[in-house]
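Working notes, beginning with the structure itself.
The values are calculated or read from the model by the stated rules, or taken from the named source; none is laboratory data. The structure presented is a predicted model; accordingly, all values stated were derived computationally and were not measured. Here the Cβ positions follow ideal geometry from the backbone for every residue, glycine too, while neighbour counts run over all protein chains shown. Accessible surface areas use protein heavy atoms only, side chains included; no ligands, DNA or RNA. Shrake-Rupley method; radii C 1.70, N 1.55, O 1.52, S 1.80 Å.
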Amino acid sequence: MTTMADAEEQSTPAPKAGRNLPAAIGVGVLMGAVLLATLFTVRWAFVGLVALAVMVAVFEVSRALGGVLPRLPLVAGSVVVVVATYVGGTSAMVVAALLFVVALVVVLAVAVGPERLPEIAASVFVACYVAFLASFAVLLAVPDDGPRRVVALVATVACSDTFGYVVGVFLGKHRMAPSVSPKKSWEGFGGSVVACCVCGGLLLPLTLHGTWWQGVVFGLAIVVAATLGDLGESMLKRDLGIKDMGHLLPGHGGVMDRLDAMLFAAPVAWALLTAFIAWPS
């Protein structure tokens, strides 16, 4: 029998926001404070923060994919790639990532047999998707002005997420990819584009001695990469039949649910800032 309370609950539309906003804001502010504190004090602490986030994200993705994925080797190898990147730069990152992938393939082929190719492919996917892409954020921190480069990346991605969310909630009518991410709208994407262009156009001239047009190009590139990263993880979660990769961060989901846009945006930010901004001697 349907009670009046049940009927009222069924007739009340679900919140368009789709998340616990106060918790999301609180966790976001805390994460930003920790990021800034590590970046501008002891840079190795920032590297440790990235390594910790990568460890948790690798665990979340490998658990979601299931099978017999070797979580401990995946986590350990990912940390090695992150640390090698900060110590040795681009060359060390590429070599460490390649060795990591080769070691995964060889060890898994011996341990589980070539007939378990899906598990081997999934392990390589996790290594490349999380560890390798996250290492570009570490590369940004290497030069003397590295903290400001990382802030440019994080602030622009945050603008993409925040303004896309706000504009989408109030004005969103035309769904961007309803079969992948039902709440993402073209109006929200437009809000992200404007916010990221303004953010980049201000940050690059004010903090990195770039030009305003370089900042606008940076903002445009970041918003496209961040949106693709968000949609890519949404597609993966939909295929796996899960809502979030984890539940560690209230209002956000798992760590991977916060890194999805950042992972795609980090290599784009590194490439553009390397091209636009001369490394200080």
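Any chance region 107-120 includes a residue that's part of a helix (DSSP H, G or I) and modelled with pLDDT of 85 or more? Explain how you work it out, then say what you get.
Pass one, region 107-120, residues part of a helix (DSSP H, G or I): 107-111, 114-120.
Narrowing further to those that are modelled with pLDDT of 85 or more: none.
Within region 107-120 (the criterion being part of a helix (DSSP H, G or I) and modelled with pLDDT of 85 or more), the answer is no, since none of the residues qualifies.
Mind listing whichever residues of region 179-189 are open to solvent by 30 Å² or more (accessible area, probe 1.4 Å) and not charged (D, E, K, R)? Let's see the steps before the verdict.
Within region 179-189, the subset open to solvent by 30 Å² or more (accessible area, probe 1.4 Å) is 179-180, 182-184, 186-187, 189.
Ser179, Val180, Pro182, Trp186, Phe189 - these are the residues of region 179-189 that are open to solvent by 30 Å² or more (accessible area, probe 1.4 Å) and not charged (D, E, K, R).
Output the number of the condition that Ala141 fails; it satisfies all remaining conditions of (1) open to solvent by less than 20 Å² (accessible area, probe 1.4 Å); (2) in contact (Cβ under 8 Å) with a residue 40 or more places away in the chain; (3) out of contact with any Lys or Arg (no Cβ under 8 Å at 6 or more places or on another chain).
(3)
Of everything in region 67-76, what is open to solvent by 10 Å² or more (accessible area, probe 1.4 Å) and in contact (Cβ under 8 Å) with a residue 24 or more places away in the chain? Give them in sequence order. Write out each step before concluding.
Narrowing region 67-76 to residues open to solvent by 10 Å² or more (accessible area, probe 1.4 Å): 67-73, 75-76.
Gly67, Val68, Leu69, Pro70, Pro73 - these are the residues of region 67-76 that are open to solvent by 10 Å² or more (accessible area, probe 1.4 Å) and in contact (Cβ under 8 Å) with a residue 24 or more places away in the chain.
With the structure loaded, tell me whether Val34 is β-branched (Val, Ile, Thr), open to solvent by 20 Å² or more (accessible area, probe 1.4 Å), over 23 Å from Trp270 (Cα atoms) and at pLDDT below 90 or whether it fails that test. Steps first, answer last, please.
Numbers: β-branched (Val, Ile, Thr): yes; open to solvent by 20 Å² or more (accessible area, probe 1.4 Å): yes; over 23 Å from Trp270 (Cα atoms): no; at pLDDT below 90: yes.
In short, no.
Check off (1) crowded, with 16+ Cβ neighbours inside 10 Å; (2) closer than 15 Å to Leu39 by Cβ for Thr85 and give me the number that stays unchecked.
Going through the list (1) crowded, with 16+ Cβ neighbours inside 10 Å; (2) closer than 15 Å to Leu39 by Cβ, Thr85 breaks only (2).
Please work out which residue is farthest from the chain's Cα centre (by Cα), limiting yourself to region 118-161 and to residues that are more than 19 Å from Leu202 (Cβ to Cβ) and of a type in the set (S, T, N, Q). Outline the logic, then answer.
Here is the first cut: in region 118-161, the ones more than 19 Å from Leu202 (Cβ to Cβ) are 118-139, 141-144, 146.
Retained after the next criterion (residues that are of a type in the set (S, T, N, Q)): 123, 135.
Numbers: Ser123: 19, Ser135: 11 Å.
Ranking the qualifying residues of region 118-161, first place goes to Ser123.
Looking at Leu104, is it part of a helix (DSSP H, G or I) and surrounded by fewer than 16 Cβ atoms within 10 Å (Cβ to Cβ)? Lay out the reasoning, then the answer.
On the way: part of a helix (DSSP H, G or I): yes; surrounded by fewer than 16 Cβ atoms within 10 Å (Cβ to Cβ): no.
Considered against the rule, which asks whether it is part of a helix (DSSP H, G or I) and surrounded by fewer than 16 Cβ atoms within 10 Å (Cβ to Cβ), Leu104 comes out as no.
In region 253-265, what count of residues is obtained for those that are open to solvent by less than 30 Å² (accessible area, probe 1.4 Å) and within 8 Å of the chain's Cα centre (by Cα)?
Final tally of qualifying residues: 6.
Go over the candidates Val142, Val151, Val167 one by one and state the one that is over 22 Å from Glu60 (Cα atoms) and not in a helix (DSSP H, G or I).
Numbers: Val151 fails: not in a helix (DSSP H, G or I); Val167 fails: not in a helix (DSSP H, G or I).
Exactly one of Val142, Val151, Val167 is over 22 Å from Glu60 (Cα atoms) and not in a helix (DSSP H, G or I), namely Val142.
Return yes or no: is Leu204 more than 17 Å from the chain's Cα centre (by Cα) and either surrounded by 22 or more Cβ atoms within 10 Å (Cβ to Cβ) or among the aromatic types (Phe, Trp, Tyr) (or both)? Before the answer, list the steps.
Numbers: more than 17 Å from the chain's Cα centre (by Cα): yes; either surrounded by 22 or more Cβ atoms within 10 Å (Cβ to Cβ) or among the aromatic types (Phe, Trp, Tyr) (or both): yes.
Yes; evaluated as a whole, the condition is true for this residue.
Within region 145-178, track down each residue that is open to solvent by 50 Å² or more (accessible area, probe 1.4 Å), more than 20 Å from Phe218 (Cα to Cα) and touching a residue at least 24 places away in the same chain (Cβ under 8 Å). Quick ask: steps written out before the conclusion?
Keep residues of region 145-178 that are open to solvent by 50 Å² or more (accessible area, probe 1.4 Å), which gives 148, 161-163, 166, 170-171, 173-175, 178.
Filter once more, keeping what is more than 20 Å from Phe218 (Cα to Cα): 166, 170-171, 173-175, 178.
Val166 - this is the single residue of region 145-178 that is open to solvent by 50 Å² or more (accessible area, probe 1.4 Å), more than 20 Å from Phe218 (Cα to Cα) and touching a residue at least 24 places away in the same chain (Cβ under 8 Å).
May I ask you to list the residues in region 57-66 that are open to solvent by less than 40 Å² (accessible area, probe 1.4 Å) and within 18 Å of the chain's Cα centre (by Cα)? Before you say what the answer is, go through the steps one by one.
Filtering region 57-66 for residues open to solvent by less than 40 Å² (accessible area, probe 1.4 Å) gives 57-58, 60-62, 64, 66.
Selection gives Ala57, Val58, Glu60, Val61, Ser62, Ala64.
Among the residues of region 200-243, count how many are aromatic (Phe, Trp, Tyr) and under 30 Å from Val61 (Cβ atoms).
Step one: list which residues in region 200-243 are aromatic (Phe, Trp, Tyr), which gives 212-213, 218.
Of the ones still in play, those that are also under 30 Å from Val61 (Cβ atoms) are 218.
Summing the residues that are aromatic (Phe, Trp, Tyr) and under 30 Å from Val61 (Cβ atoms) in region 200-243 gives 1.
Mind listing just one residue for me: the one in region 231-252 that is at pLDDT 85 or above and either out of contact with any Asp or Glu (no Cβ under 6 Å at 6 or more places or on another chain) or over 21 Å from Ser160 (Cβ atoms) (or both) and, of those, surrounded by the fewest Cβ atoms within 10 Å (Cβ to Cβ)?
Initially, region 231-252 is screened for residues at pLDDT 85 or above, giving 231-233, 235-236.
Checking which are either out of contact with any Asp or Glu (no Cβ under 6 Å at 6 or more places or on another chain) or over 21 Å from Ser160 (Cβ atoms) (or both) leaves us with 231-232, 235-236.
Details: Leu231: 18, Gly232: 16, Met235: 14, Leu236: 19.
Filtering first and then ranking leaves Met235.
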